[in-house]
Amino acid sequence: MTRRLLFVALFVLLTATFGLSLGAVSIAPGEVWRALVDGSSSYGPIIRQLRLPRVILGFLLGGTLAVSGASLQALLRNPLADPYLLGLSGGAGLGAVLAIALGGPIAWAVPAAAFAGALGAVALVYALGRTSSGRLEPRILLLAGVVTSGFATAIMTALMVLSDAAELRNAFLWLLGGLGRASWQSLGLFLIWAPIPLLVLFTAARSLDLLALGEETAGYLGAEVERVKRRVVVSTALLTAAAVAAAGMIGFVGLVVPHAVRRIMGPLHGRLLPIAFAVGGALLVGADTIARVVVRPIELPVGVVTALIGVPVFAILLRREIR
Amino acid sequence: MILEGRDLEVRYPGVGLPALAGVDAWLRAGEFVAVVGPNGGGKTTLLRALLGAVPLQRGEAKVAGLPVASIPRADLAQIVAALPQREEPAFALRVGEFVQLGRYAHLGPFTPSGPSDRALVRDALERCDAWTLRDRTIDTLSGGEWQRARVARALAQAPRALLLDEPTAALDVRHAMELLELVRDLVASGLGALVVTHELNLAARFADRVILLADGRVQAVGTPREVLTQETLTRVFDWPVAVTTWNGGTPQVVPLRRGETRDP
C-alpha cells in the first residue's frame, strides 16, 4: 500500500513538473523550480502568471471530476456514471450556446451561462427523480438525466444551426473544454466555491461504502440513506457545474479514474476518494500538457486528449473485469 | 422486549388491499421466531414495518421500547441487524472489508476502527466459519459462503436481535442447516432472531414460535405444533398437506400430490 501511495505521489510530482516546464516555450525542470522561488528568474512571469495557475486549476478540476464521478458511481450503483450524467452536459451546453448566440462576452457571460444551465438542468433532474414521498430514486434520476440532457441538446443544436459559422465554432470550442482560460482569478473563484461540496463528499465516504451495497442494506447498517443521497447529488452537481464554468466539459476523467483507482486501492471510499482526487488531478495536468505541446503552437482541446487516453484505458479495464 | 409491533397496517401506493393489516408481532431476547406464509402474504413487509422502513397507516412499531421512527438509523443498527432477501453489492469488496462495514453505526464518518472493532470483526467471522474467507472478494463466494459473510457482518453490528429475510433460500441442505444452527447458537447466547422463511419443516425444528402470515394478516401464531397443523396450512396455502411428526412431536409438513390421500 505504501508503495502504491508513493507511486501516486510521484505521478503527481512528475505531471506538475512537466506541466510547468513544457509549453510554447520549454523550460528545464530545474529552472522551473528556481523560477518559483526566485523572483529574478527571466522565466518567472511565464511560470507564475500563466503556467502555475493553469497547473493548479487543472489539478483541482481533474481531482474534483474524479471524486464526483466516484461518488455518483456508488450512489447510482452504476459503474458507467460520470459527473455530467445528471443532465449537466446538456444544460451546460445549452447555457453556453445561448450566451454566445445572444452575443455575450466569452470571457464571463459564457461560463456564467454554462454554470446556470448546468445547475438548472440538475434541478430539473432532481425534481423529476423525487418520488411523492420525497425519496430520490436513482433509476429515475438516471433516466431523467438522460432525457433532460437530450432535450437541452436538441435546443442547443437548433440554436447552433440557426447561428452563423463563426459563432458556432466558438461555442463548439468552448464546450470541448480546455485550461487555456486558466488564471489566478478563475482559480480563486474555484477555490472559494469547491471546498465545501468537496468536504461533503469526503465526509460521505463511509456512507457511500454502504450505499454501494444497496439502499435497503445501507439503511439497516445505519446510514441515513436519503440524507446521504441528497448531499451527494447536490455536491457533485455544484462541483461539476463549477468545473464546466472554469474549463468547459472535460470528459473521461470522472469516468475512468475512479475505475482505475478502484482496481489499485479497492472500492472502499475512504481510500478511493482521496487517491482518485490525486490521480484525476495529475491525469488532467498531464493531458493538458500533452494538449499544449503535441501540435505546437496549436492547442488541442484537453477533452480530446483525455478521451484519447481515457477510452483505451477504459477498454482495457473493462476487458479485465469481464475476463 | 426488543421488537414490538401493534396493530400494524401498511398500504403500498396504488395497491388496493393492504400489505399488512392489524398485525401484532414481537420478539424477545433469547427467542427464535419464524415468519412463514404464502408468497405476497406480508412477511417481508412485516420485517420492514418492524424496522421503520415503510410508513405505517395504523399501529405502532417499537424497538427497545422506543417508537422506531424516532430512532436514528445508526442507533437502530446497533440494536437490530437486518439482512434483506436480496443484496447486490456494486463493487467487489474483500470479505474482511465487507464485514467491517457492520461497524459503521458504531464508528461514524471518521473514527478509525480500533483494536476492539477488529476483534469484533474477527470474532464475527470466526463464529460464521468465514475467517478463512477474509481475503476473498465477495464476487467469488458461493451461495453458502455469501450468506455466512452477510451474517458475520450482521454480528459485527453487535446487535441484540437479528432479522433475516429468507436466509436459506439459495442454500443446499448442509449450508441451510449450518446457518440455522448458527442462528440457534446465537439465540442461546441471548440474541433474539426473527427469520422469514418458506421452509416450514426447518421452521418447525428451529423456531420457538411461528407467525403464519397470509393476505397481510396473522392467520396463526404460537409454537410450531400449534401453528403448523393440517387444517390451517391446507387452508392458508390453498393446497392439501399432510402433517406428520419427527422425533416425538415436531411437526413435519408433506405437501400432497394430486390424487394422493392423507392416509395411504
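Bear in mind these aren't lab numbers, they're just calculated from the coordinates by the rules spelled out. The structure displayed is predicted, hence computed values, not measured ones. FYI the Cβ positions are ideal-geometry reconstructions off the backbone, even for glycines, and counts take in every protein chain you see.
How much of the calculated P(r) for the stretch A:197-259 lies past 18 Å, in percent of all Cα pairs?
On the way: 885 of 1953 pairs.
That fraction is 45 percent.
Computed over the stretch A:231-302, the P(r) tail beyond 16 angstrom holds 58 percent of alpha carbon pairs.
Look at the stretch B:77-83: the mean tally of other chain Cβ atoms within 10 Å of its residues' Cβ atoms is 3. D for the stretch A:94-184, whole µm²/s, Stokes-Einstein with Kirkwood Rh over alpha-carbon pairs at 25 °C and 0.890 mPa s: what number? In µm²/s, the coefficient is 171. Counting every other Cβ atom within 10 Å of each residue's Cβ, B:His106, B:His198 order from fewest to most as B:His198, B:His106.
Return the sequence-ordered ³J(HN,Hα) values of the stretch B:73-79 in whole Hz as given by the Karplus equation 6.51 cos²θ - 1.76 cosθ + 1.60 applied to θ = phi - 60°, using x for Gly and Pro. Listing the rounded values in order: 4, 5, 6, 4, 5, 8, 9 Hz.
Who wins for biggest fluctuation among B:Pro167, B:Pro251, B:Pro72 in a Gaussian network model of chain B, springs between alpha carbons below 10 Å? In this elastic network of chain B, the residue with the biggest mean-square fluctuation among B:Pro167, B:Pro251, B:Pro72 is B:Pro72. Each of A:Gln49, A:Thr306, B:Leu162 was scored by the projection of its Cα onto the charge dipole of the protein assembly as shown, and the greatest displacement toward the positive side belongs to A:Gln49; charges sit on the C-beta of Lys, Arg, Asp and Glu. The mean of 1/r over all pairs of different alpha-carbon atoms in the stretch A:38-160, once inverted, gives a Kirkwood hydrodynamic radius of 16.4 Å. In the stretch A:1-111, a dipole from Cβ-located charges (positive for Lys and Arg, negative for Asp and Glu) runs towards its positive end, and of A:Gly103, A:Pro79, A:Leu5 it is A:Leu5 whose Cα lies farthest in that direction. Per-residue shielding of A:203-213, expressed as the average number of other chain Cβ atoms within 10 Å of the residue Cβ, stands at 4. Placing +1 on the Cβ of every Lys and Arg and -1 on the Cβ of every Asp and Glu, with nothing else charged, gives the stretch A:214-323 a dipole about its Cα centre of roughly 280 debye.
List the trypsin sites (Lys or Arg not before Pro) in the stretch B:1-93 that DSSP assigns to loop (not H, G, I, E or B) and whose Cβ has at most 15 other Cβ atoms within 10 Å. Which are they?
B:Arg28, B:Arg86
Distance from the alpha carbon centroid of the stretch B:211-230 to that of the stretch A:194-252 works out to 45 angstrom.
Averaged over every viewing direction, what's the projected area of the C-alpha convex hull for the stretch B:143-208? Give it in nm², one decimal, please. Display every interim value, and only then the final one.
Values: hull surface 16.1 nm².
Average of the hull's projected areas for the stretch B:143-208 equals 4.0 nm².
Each of A:Leu10, A:Leu88, A:Leu75 was scored by other Cβ atoms within 10 Å of its Cβ. Arranged with the fewest first, they read A:Leu10, A:Leu75, A:Leu88.
Ordering A:271-284, A:133-146 by mean Cβ neighbour count within 10 Å, with the highest value first, yields A:271-284, A:133-146. Taken as Cα centroids, the stretch A:27-84 and the stretch B:69-125 sit 36 Å apart, rounded to the nearest whole angstrom. Each Cα pair under 8 Å and six or more residues apart adds its sequence gap; the mean of these over the residue count of the stretch A:226-313 is a relative contact order of 30 percent.
Across the stretch B:11-20, rounded Karplus estimates of 3J(HN,Hα) from the backbone phi angles (6.51 cos²θ - 1.76 cosθ + 1.60, θ = phi - 60°) give 10, 8, x, x, 10, x, 7, x, 6, 8 Hz, Gly and Pro being marked x.
Estimated purely from DSSP H runs of n ≥ 4, each contributing -39500 (n - 2.57), the mean residue ellipticity at 222 nm for chain B is -9000 deg cm²/dmol once divided by its residues.
Which order do A:Asp209, B:Asp135 fall in if you start with the one that has the fewest other Cβ atoms within 10 Å?
Numbers: A:Asp209 26, B:Asp135 9.
The fewest-first ordering by Cβ neighbours comes to B:Asp135, A:Asp209.
Charge dipole (Cα centre; +1 on Lys/Arg Cβ, -1 on Asp/Glu Cβ; no other charges) of the stretch B:140-262 amounts to roughly 80 debye. A viscosity of 0.890 mPa s and a temperature of 25 °C, combined with the Kirkwood radius over Cα pairs in Stokes-Einstein, give a translational diffusion coefficient for the stretch B:93-164 of 204 µm²/s.
For the stretch A:155-291, go through all pairs of different Cα atoms, get the mean of 1/r, take its inverse, and jot down that Kirkwood value in Å.
17.2 Å
Taking the Cα centre of the stretch B:27-120 as reference, the dipole from Cβ charges on Lys and Arg (+1) and Asp and Glu (-1) amounts to some 140 debye.
Inside 10 Å of the C-beta atoms of B:45-58, what's the mean count of C-beta atoms belonging to other chains?
Per-residue shielding by partner chains comes out at 1.
The convex hull defined by the C-alpha atoms of the stretch B:1-154 has an orientation-averaged projected area of 10.8 nm². Between B:Gln85, B:Leu8, A:Leu268, the Cα set farthest toward the positive side of the dipole of the protein assembly as shown (charges on each charged residue's Cβ, about the Cα centre) is that of A:Leu268.
Report, to two decimal places, the Cα Rg of the protein assembly as shown normalised by 2.2 N^0.38 Å (N = number of residues). Don't skip to the end; give the middle numbers.
Values: Rg = 29.1 Å, N = 587, 2.2 N^0.38 = 24.8 Å.
Its radius of gyration relative to the 2.2 N^0.38 Å reference: 1.17.
Computed over chain A, the alpha-carbon pair-distance distribution with 10 angstrom bins reads 6, 26, 34, 23, 9, 2, 0, each value a whole percent. Rounded to the nearest whole Hz, the Karplus-based 3J(HN,Hα) values (6.51 cos²θ - 1.76 cosθ + 1.60, θ = phi - 60°) of the stretch B:90-99 follow the sequence 6, 10, 8, 6, 7, 4, x, 5, 4, 6, with x at glycine and proline.
Among the chymotrypsin sites (Phe, Trp or Tyr not before Pro) in the stretch A:106-198, which ones are in a DSSP loop with at most 16 other Cβ atoms within 10 Å of the Cβ? Mind listing them? Can you show the working numbers first?
Details: sites: A:Trp108, A:Phe115, A:Tyr126, A:Phe151, A:Phe172, A:Trp174, A:Trp184, A:Phe190, A:Trp193; in loops: A:Trp108.
Passing both the DSSP loop test and the Cβ count: A:Trp108.
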